[in-house]
Every structure is written in C-alpha cells, then in structure tokens.
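Undergrad: Questions regarding the structure given below will be posed in turn.
The values are calculated or read from the model by the stated rules, or taken from the named source; none is laboratory data. The structure displayed is predicted, hence computed values, not measured ones. Glycine also receives a Cβ, built like all others from the backbone with ideal geometry; neighbour counts cover every protein chain displayed. Just so you know, the surface numbers come from the protein's heavy atoms only, side chains and all, with ligands and any DNA or RNA stripped out. Shrake-Rupley method; radii C 1.70, N 1.55, O 1.52, S 1.80 Å.
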Amino acid sequence: MAHANARTTVFARTLIVDRVLAGHRPGEVAKQLGVSRQTVHKWVRRWRAEGEAGLADRSSRPHRMPRQTSPETVAAIVAA
C-alpha cells in the first residue's frame, strides 16, 4: 500500500528507474508518468544510492522537532 501522501507507488517508481536506465530522457519519463523531472531524478538518485529499498515508502514524520512541547507540559495535559 502506498504512503497516504505519495504521488507514486513503488511500481511507478520502479518503472521510472527502469525507463531512465533503458536510455529514456528524464523529461520524457516525467511527462509519460505525470510527475516532475525533479521527481524522476529523486527516484533514480535514491535507487542508485540504496537499490530497491530506496524506492520504498518513507515516513513523513520530521527527523527532529526543535520546538517540541516539553515533557512537563505533556504530563500536565495528560493529567488534566
């Protein structure tokens, strides 16, 4: 199942990579699949760096939250 906000599926991402590796220009592939050239480059770059695993869905959760609510405030809210 695709990520809720994903514009493409793992199948479409694999298709993007396969077509680019077959010699098609990224702009052509983007137009054929209804995505931007930047998206095509992103998936090819991830595939080259990570292989098939790079085409999998990823979490949208931020890596860090510098303005996260303090644990004391969270505890007070939960207690109320």
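Undergrad: Using a Förster distance of 25 Å, how high is the FRET efficiency between residue 41 and residue 11, based on the Cβ-Cβ distance and rounded to 0.05?
TA: Working: r = 19 Å, r/R0 = 0.76.
It comes out at approximately 0.85.
Undergrad: Here's another thing I want to ask about it. Mean residue ellipticity at 222 nm from the helices of the chain, using -39,500 (n - 2.57) per DSSP H segment of n ≥ 4 over the full residue count, to the nearest 500 deg cm²/dmol?
TA: -16000 deg cm²/dmol
Undergrad: Using a 1.4 angstrom probe, figure out how much accessible area the range 32-80 has per residue, in square angstrom, rounded to the nearest whole. The partial results should precede the final answer.
TA: Details: 4170 Å² over 49 residues.
Normalised by residue count, the accessible surface of the range 32-80 is 85 Å².
Undergrad: Continuing with this model, one more query. Name the GluC sites (Glu not before Pro) in the range 30-74 that are in a loop by DSSP and that have at most 11 other C-beta atoms within 10 Å, would you? Could the numbers behind the result be given before it?
TA: On the way: sites: 50, 52, 72; in loops: none.
Sites meeting the loop and neighbour criteria: none at all.
Undergrad: Over 5 Å intervals from 0, what percent of Cα-Cα pairs in the range 1-54 sits in each interval?
TA: Histogramming the range 1-54 at 5 Å steps yields 4, 22, 34, 26, 12, 2, 0 percent.
Undergrad: Can you give the extra length, in nm with one decimal, that the chain gains between residue 69 and residue 33 once fully stretched, where that is 0.36 nm per residue apart less the Cα-Cα distance?
TA: Working: separation 36, 0.36 × 36 = 12.96 nm, distance 4.12 nm.
That works out to 8.8 nm of additional length.
Undergrad: May I ask you to give the percent of accessible area on the chain that is carbon plus sulfur, with a probe radius of 1.4 Å?
TA: 54 percent
Undergrad: Accessible area, 1.4 Å probe, largest first: how do 18, 57 sort?
TA: Details: 18 85, 57 55 Å².
Solvent-accessible surface, decreasing: 18, 57.
Undergrad: With contacts defined as alpha carbon pairs under 8 Å and 6 or more residues apart, what's the relative contact order of the chain in percent?
TA: 27 percent
Undergrad: What trypsin sites (Lys or Arg not before Pro) in the chain are in a loop by DSSP, with at most 16 other Cβ atoms within 10 Å of the Cβ?
TA: On the way: sites: 7, 13, 19, 31, 37, 42, 45, 46, 48, 58, 64, 67; in loops: 7, 58, 64, 67.
Answer in residue order: 7, 58, 64, 67.
Undergrad: Would you mind calculating the gained length between residue 78 and residue 58 on full extension (0.36 nm times residue separation, minus the Cα-Cα distance), in nm to one decimal? Walk me through the numbers on the way to the answer.
TA: Values: separation 20, 0.36 × 20 = 7.20 nm, distance 2.98 nm.
Gain on stretching residue 78 to residue 58: 4.2 nm.
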